[in-house]
Amino acid sequence: MTEQVMVDPISAEGVSQRIAGSDTWILRGCSVQLPRAGLTAIVGPSGAGKTSLMYCLSGLDRPAEGRVLLDGTDIYRLGRERRAKFLRDRVGFVFQQYNLIPYLTLEENVLLPEQLAGRRVPRDESTQMLARFGLEEKRTTVASALSGGEQQRAALCRAMLLRPSIVFADEPTGALDSANSQLVLRVLRDLTMQGTTVVMVTHDVDAAALADRVVFMRDGAITGVTGPLDADSILARMRQLPADSTREG
Ligand SMILES: Nc1ncnc2c1ncn2[C@@H]1O[C@H](COP(=O)(O)OP(=O)(O)OP(=O)(O)O)[C@@H](O)[C@H]1O
Ligand SMILES: [Mg+2]
């Protein structure tokens, strides 16, 4: 019998971060709970701390204060090796940059995590996934010769093949034209239908408007969490935030 544990897949409690060796805080008391199988967009101006929060949430950067629970596990209380294994088994990442190893081919990059995990992806599964992202013709191209958008899609493809229960994507459509953005957003949405929890940072309000939940950030703090909003409401809310946040000091 499988145990039914009703914990949020992602829970951050009072996460604060500062730049190593300085008193500059880049995250201030960020708390957020994200339910299973949702698509969450994190929005806010450049420098708001979106990437920094994502690093803390995804186990890549230990916060100076606070804790992060993924599927109920306090990840920074795990030892380094157990944390690495925990994350490898259930978390997929797509970073804002430097996603691929430049001297490996696209396909080698895509298959690398499974190989490191000692798993084998059936050939037709990886071929199908590459086709889904329109990358089949670039299979044997070295990553350094791929366009930014191709690299971004390859990174997503790699994350998908691991069948993670949580996917973090930083600006997943940032390097893409509108057709490819649509494609990537569709894939992220499909993933949530399969039960995956997806968190994306985005500057694109149209992309954020597809989310089930929008997390607003400014000056290292979460200033609001809402349900789905249309693009105009997201923009309006982002614009109105400075006045509100200065009032709070
Ligand atoms: N390692 C670091 N050393 C110094 N400052 C840092 C470091 N990492 C982040 N910062 C600073 O922290 C703030 C938040 O950065 P972060 O990358 O999280 O912003 P962001 O919201 O993702 O911005 P963008 O939309 O431009 O990607 C910025 O002011 C940034 O300069
Ligand atoms: Mg960023």
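Values quoted throughout were computed directly from the atomic coordinates according to the rules given, and no laboratory measurement underlies them. Since this is a predicted model, take the numbers as computed values, not measurements. Reconstructed Cβ throughout: ideal geometry from the backbone, glycine too, with neighbour counts over all protein chains shown.
Key figures for this structure:
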{"item": "Inter-centroid distance (Cα atoms) of region 146-217 relative to region 63-113, Å", "result": "16"}
{"item": "Share of alpha-carbon pairs per 5 Å distance bin for the chain, given as whole %", "result": "1, 6, 13, 17, 19, 17, 13, 9, 4, 1, 0, 0"}
{"item": "From the C-alpha gyration tensor of region 96-244, square roots of 5λ in Å", "result": "31, 16, 14"}
{"item": "Neighbourhood charge, 9 Å Cβ-Cβ cut-off, centred on Tyr76 and excluding it, Lys, Arg +1 and Asp, Glu -1", "result": "+3"}
{"item": "Listed peptides 55-64, 147-156 by packing density, highest first (mean Cβ within 10 Å)", "result": "147-156, 55-64"}
{"item": "For region 6-118: rounded, prolate or oblate by the Cα gyration tensor [a/c cutoff 1.5]", "result": "prolate"}
{"item": "Helix-only CD estimate at 222 nm, as mean residue ellipticity for the chain, using -39500 (n - 2.57) per DSSP H run (n ≥ 4)", "result": "-11500 deg cm²/dmol"}
{"item": "Nearest-0.05 FRET efficiency for Ala145 and Gln33, computed from C-beta distance (R0 30 Å)", "result": "0.10"}
{"item": "Additional length obtainable on full extension of the chain from Ser46 to Ala236, 0.36 nm per residue less Cα span", "result": "66.7 nm"}
{"item": "Sequence-separation-based contact order of region 155-198, relative, with Cα cut under 8 Å and 6+ spacing, percent", "result": "46"}
